[in-house]
Amino acid sequence: MSVVLVTGSYDHEIRFWEAWSGICSRTIARSGESGVRRSKRLLAAAIHKKVNIYDISSASSTPLVSFDGQNGHKNNVTSVSFHSEGKWLVTGSEDGTIKIWDLRSGQLHRNYDNGAPVNDVVVHPNQGELISCDQAGSIKQWDLSENICTHELTPAGDIPIRSVTLASDGSCLVAGNNKGKCYVWRVNEESSQLPRFQAVTKFQAHSKYLTRCLLSPDTKYLATCSADTFVKIWSVSHNFEFKLEKVLQGHQRWVWDCAFSADSAYLVTASSDHTARLWEMASGETVRQYNGHHKAAVCCALHDGAS
């Protein structure tokens, strides 16, 4: 399959783009605005309280399955994440819950009460834990086997944590808050005598609201997005030192989301200026701009044939 970019917007459309040509190859109306994420063959799109699952390779605009109704979220879904090769979907919501859905049966599998509106949730690479962050300023680890919250971090008191990201090998956790600050922890093995989360550094990434932080698949870079219109690229050293390498400039308004290519060579971003952009990491230049949304583009995913 060719490289496909997917964007979601406040215009309630999902658009599929041929990444290199910039051509919009497919549009699904009334389908996604608060989050799009993909597995090898599936796309999850959240709109308000509902999550739709689509087959990336299919031309059909009809979801394979939808999660809402009696067991669904009672408020806006803010985060979607695939677990275990697309067998499960994890969702977080403003209703203060995290839900795990069985993609094979379409049923709710598990429900966690976070106690505060959830802003982001990611699956640990070991597939046995979730990391969430919320409006109350907490970062929590949820153990999927024990069905409980096992660790809680509050790095900046009650300042909301907007975004969390884990290194692909599970060794590092980065969280960004509403004040533009990033916090970094070394993640130690549960079997070690060390604390599970060991604070190593913090830094001011942006002067304004931070919307997304994301570690690259090769864990060499951190991308941060912000209300200041910039995307910043930070290099990550072996001892967890973060150094500003590039400032990606071009978007005219808030940048809401980003996604790396599987080889960490490219970054896609989505912005309130209605556009998405494809950036080359080596040069820091825009290599393609995607125009077509009529309102803010707020989420993006990149499908380049990798896992």
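The values are calculated or read from the model by the stated rules, or taken from the named source; none is laboratory data. Since we're looking at a predicted model, the values are computed, not measured. Here the Cβ positions follow ideal geometry from the backbone for every residue, glycine too, while neighbour counts run over all protein chains shown. Note: accessible area is taken over every heavy atom of the protein model, side chains too, but ligands, DNA and RNA are not part of it. Shrake-Rupley method; radii C 1.70, N 1.55, O 1.52, S 1.80 Å.
Name every residue in the stretch 227-253 that is polar (S, T, N, Q) and in a strand (DSSP E or B), in order of residue number.
Ser235
Looking at (1) modelled with pLDDT of 85 or more; (2) surrounded by fewer than 22 Cβ atoms within 10 Å (Cβ to Cβ); (3) touching a strand residue (DSSP E or B) at 6+ places or on another chain (Cβ under 7 Å), which one does Ile14 not meet, given that it meets all the others?
(2)
Table: residues versus (1) surrounded by fewer than 18 Cβ atoms within 10 Å (Cβ to Cβ); (2) among the acidic types (Asp, Glu).
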residue	(1), (2)
Asn126	yes, no
Asp134	no, yes
Glu146	yes, yes
Ser168	yes, no
Lys181	no, no
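Residue check: is Gln252 within 21 Å of Tyr209 (Cβ to Cβ) and among the polar types (S, T, N, Q)?
Values: within 21 Å of Tyr209 (Cβ to Cβ): yes; among the polar types (S, T, N, Q): yes.
So Gln252 passes the test.
Hey, can you tell me all the residues within the stretch 154-165 that are surrounded by fewer than 21 Cβ atoms within 10 Å (Cβ to Cβ) and among the hydrophobic types (A, V, I, L, M, F, W, C)?
Taking the stretch 154-165 first, the residues surrounded by fewer than 21 Cβ atoms within 10 Å (Cβ to Cβ) are 154-160.
Ala156, Ile159, listed by residue number.
Looking only at the stretch 197-221, how many residues end up being part of a loop (DSSP other than H, G, I, E, B) and either open to solvent by 30 Å² or more (accessible area, probe 1.4 Å) or modelled with pLDDT under 95 (or both)?
The qualifying residues number 7.
Tell me, please, whether a residue that is at positive phi and under 16 Å from the mean Cα position of the chain (by Cα) can be found in the stretch 208-219.
yes
Could you please let me know if Asp257 is among the acidic types (Asp, Glu), at pLDDT 95 or above and under 27 Å from Leu130 (Cβ atoms)?
The answer is yes for Asp257.
Does the stretch 247-260 hold any residues that are among the aliphatic types (A, V, I, L, M) and either open to solvent by less than 20 Å² (accessible area, probe 1.4 Å) or out of contact with any Phe, Trp or Tyr (no Cβ under 6 Å at 6 or more places or on another chain) (or both), and which are they?
Leu248, Val255, Ala259
Farther than 19 Å from Ile131 by Cα and either assigned to a loop (DSSP other than H, G, I, E, B) or of a type in the set (Ser, Thr, Tyr) (or both): does that describe Thr224?
Answer is no for this residue.
For the stretch 94-115, indicate whether the set of residues that are touching a residue at least 40 places away in the same chain (Cβ under 8 Å), over 18 Å from Ala44 (Cβ atoms) and open to solvent by 10 Å² or more (accessible area, probe 1.4 Å) is non-empty.
No, there is no match, as no residue in the stretch 94-115 is touching a residue at least 40 places away in the same chain (Cβ under 8 Å), over 18 Å from Ala44 (Cβ atoms) and open to solvent by 10 Å² or more (accessible area, probe 1.4 Å).
Name the residue that is surrounded by the fewest Cβ atoms within 10 Å (Cβ to Cβ), counting only residues in the stretch 222-231 that are farther than 12 Å from Phe260 by Cβ and within 16 Å of the chain's Cα centre (by Cα).
Of all residues in the stretch 222-231, those farther than 12 Å from Phe260 by Cβ come to 224-230.
Among the residues that remain, those that are also within 16 Å of the chain's Cα centre (by Cα) are: 224-226.
Values: Thr224: 27, Cys225: 31, Ser226: 23.
The qualifying residue surrounded by the fewest Cβ atoms within 10 Å (Cβ to Cβ) is Ser226.
State which residue is most open to solvent (accessible area, probe 1.4 Å) when the search covers only the stretch 50-93 and only residues that are among the hydroxyl-bearing types (Ser, Thr, Tyr) and in contact with a strand residue (DSSP E or B) (Cβ under 6 Å, 6 or more places away or on another chain). Lay out the reasoning, then the answer.
Of the residues in the stretch 50-93, the ones among the hydroxyl-bearing types (Ser, Thr, Tyr) are 54, 57-58, 60-62, 66, 78-79, 81, 84, 91, 93.
Keeping just the survivors that are in contact with a strand residue (DSSP E or B) (Cβ under 6 Å, 6 or more places away or on another chain) gives 54, 61, 66, 78-79, 81, 91, 93.
On the way: Tyr54: 5, Ser61: 63, Ser66: 46, Thr78: 34, Ser79: 8, Ser81: 21, Thr91: 0, Ser93: 0 Å².
Ranking the candidates gives Ser61 first.
Checking Ser191 against (1) small (Gly, Ala, Ser); (2) within 29 Å of Ser261 (Cα to Cα); (3) open to solvent by 50 Å² or more (accessible area, probe 1.4 Å): exactly one of these is not met. Which one?
Answer for Ser191: the failing condition is (2).
If you go through the stretch 232-246, how many residues are open to solvent by 70 Å² or more (accessible area, probe 1.4 Å) and not acidic (Asp, Glu)?
Adding up the residues that qualify gives 4.
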